[in-house]
1. Is there any pair with a first residue in the range 110-139 that is over 24 Å from Tyr187 (Cα atoms) and a second that is more than 11 Å from the ligand (Cβ to nearest atom) and open to solvent by 80 Å² or more (accessible area, probe 1.4 Å) whose Cβ atoms are under 8 Å apart and which are 6 or more apart or on different chains, and what are they?
2. Going through Arg144, Arg189, Arg99 one at a time, which residue ends up being of a type in the set (D, E, K, R), in contact with a Phe, Trp or Tyr (Cβ under 6 Å, 6 or more places away or on another chain) and farther than 23 Å from Glu83 by Cα?
3. Filter the helices (runs of 4 or more DSSP H) completely within the range 91-170 down to those with at least 1 residues that are in contact with a Pro (Cβ under 8 Å, 6 or more places away or on another chain).
4. Of the numbered conditions (1) within 16 Å of the ligand (Cβ to nearest atom); (2) open to solvent by 40 Å² or more (accessible area, probe 1.4 Å); (3) modelled with pLDDT of 95 or more, Pro171 fails exactly one; give the number of that condition.
5. Against the definition (of a type outside the set (Ser, Thr, Tyr), surrounded by fewer than 18 Cβ atoms within 10 Å (Cβ to Cβ) and more than 10 Å from the ligand (Cβ to nearest atom)), how does Leu160 come out, yes or no?
6. Scan (1) open to solvent by 60 Å² or more (accessible area, probe 1.4 Å); (2) assigned by TED's automatic domain parsing to the domain that holds Gln60 for the single condition Tyr223 breaks and write down its number.
7. Kindly check whether there is at least one residue in the range 55-64 that is assigned to a helix (DSSP H, G or I), without any contact (Cβ under 8 Å) to a residue 60 or more places away in the chain, open to solvent by 90 Å² or more (accessible area, probe 1.4 Å) and within 13 Å of the ligand (Cβ to nearest atom).
8. Those residues that are open to solvent by 50 Å² or more (accessible area, probe 1.4 Å) and either more than 16 Å from the ligand (Cβ to nearest atom) or outside the structural domain of Ala51 (by TED's automatic domain parsing) (or both), I need them from the range 112-141; list them, please.
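The values are calculated or read from the model by the stated rules, or taken from the named source; none is laboratory data. Bear in mind the structure is a predicted one, so any value in this text is a computation, not a measurement. Methodologically, a virtual Cβ is constructed for each residue, glycine included, from the backbone with ideal geometry; neighbour enumeration extends over all protein chains shown. Note: accessible area is taken over every heavy atom of the protein model, side chains too, but ligands, DNA and RNA are not part of it. Shrake-Rupley method; radii C 1.70, N 1.55, O 1.52, S 1.80 Å.
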Amino acid sequence: MNTWGMVKTFVLGGATLLFFFIIWIYNPFSPHEEYPLPAQAEEIIKDPRSALEGRELFKQYCTSCHSLRYDGIYLSSVAAKPEWSKIEKSQGKPILEKRDGKLHIKGYFVPRDVYEAVAFQELESLKATFGKIPPDLSTYYLARGPGYLYQFILEPDKILPGTSMPKLFMPEFDKEAPQKVAKIVGYMRSVSEPSPEEKAKRTLMGMLTIGYFVIMGFLLWIYRKRLINRMNL
Ligand code: HEC
């Protein structure tokens, strides 16, 4: 290989490495922590066991205003309607969960248009009270990150001045409040992140795809050499 070829190889190779470093390791498009998270809260959020408890806490504290449709959680006022369970079953898709080695239906994913049609009155009355419809929280973990959510839920007005979301937790009176909030955030994380088995499957697929390209690239390189030799270039 001549000098020019070496320079080209290094520049292109370097650019490729930089590209993958940027999209996988240092991603400037993903939210970078501006909202610090206490170490204890971080531990709870990362613990997969907190998701189950967090789901119950979410139902208890948040469903008077928020839904989380990706996990089959709807406004409590809508879920209490007598026709709702029929609509869920006929229009929704079951959300399965593995418990004790068996699959259970933990809820139904109902398409947004169907849900909003059924919940029209409830959503309108929330809008009348709070000035806007409290958002569905299915994707908020991805959009805002754990630090923001943890701090916002503990003190909404401090993070989003003028917000109409009320402060629901009082650490001054309830010592468990920070843990409860961390469990809720842990639950929101579990909804937006794939399960460990799914993650392992995706990693394997990624490795196989990259392996395929590396092998094909190598074979092409050998083929190219042979062609060049044959043409006596
Ligand atoms: C009494 C009604 C009410 C309850 C209960 C409630 N929220 Fe909210 N929430 C709101 C409203 C209203 C907004 C919209 C606020 C805004 O945009 O200013 C909001 C917004 C949010 C947002 C979005 C903030 C942003 O950055 O845009 C998150 C996240 C959130 N709530 C989480 C929760 C969680 C978690 C709970 C349960 C622990 C909860 N909320 C309970 C009314 C409520």
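1. Val114/Gln91; Val118/Glu83
2. Working: Arg144 fails: in contact with a Phe, Trp or Tyr (Cβ under 6 Å, 6 or more places away or on another chain); Arg99 fails: in contact with a Phe, Trp or Tyr (Cβ under 6 Å, 6 or more places away or on another chain).
Unique residue meeting the criteria: Arg189.
3. On the way: elements: 112-118, 120-130, 140-154, 156-159.
Helices (runs of 4 or more DSSP H) meeting the threshold: 120-130, 140-154, 156-159.
4. Result: Pro171 fails condition (3) only.
5. On the way: of a type outside the set (Ser, Thr, Tyr): yes; surrounded by fewer than 18 Cβ atoms within 10 Å (Cβ to Cβ): yes; more than 10 Å from the ligand (Cβ to nearest atom): no.
So Leu160 fails the test.
6. (2)
7. Going through the range 55-64, the residues assigned to a helix (DSSP H, G or I) turn out to be 55-61.
Narrowing the set further to residues that are without any contact (Cβ under 8 Å) to a residue 60 or more places away in the chain leaves 56, 59-60.
From what is left, the residues that are open to solvent by 90 Å² or more (accessible area, probe 1.4 Å) are 56, 60.
Filter once more, so that each one left must be within 13 Å of the ligand (Cβ to nearest atom): 56, 60.
Yes; the residues of the range 55-64 include at least one that is assigned to a helix (DSSP H, G or I), without any contact (Cβ under 8 Å) to a residue 60 or more places away in the chain, open to solvent by 90 Å² or more (accessible area, probe 1.4 Å) and within 13 Å of the ligand (Cβ to nearest atom).
8. Start the filter on the range 112-141 by keeping residues that are open to solvent by 50 Å² or more (accessible area, probe 1.4 Å), which leaves 112-113, 116-117, 120-121, 124-125, 127-133, 139-140.
Within the range 112-141, Arg112, Asp113, Glu116, Ala117, Phe120, Gln121 meet the criteria.
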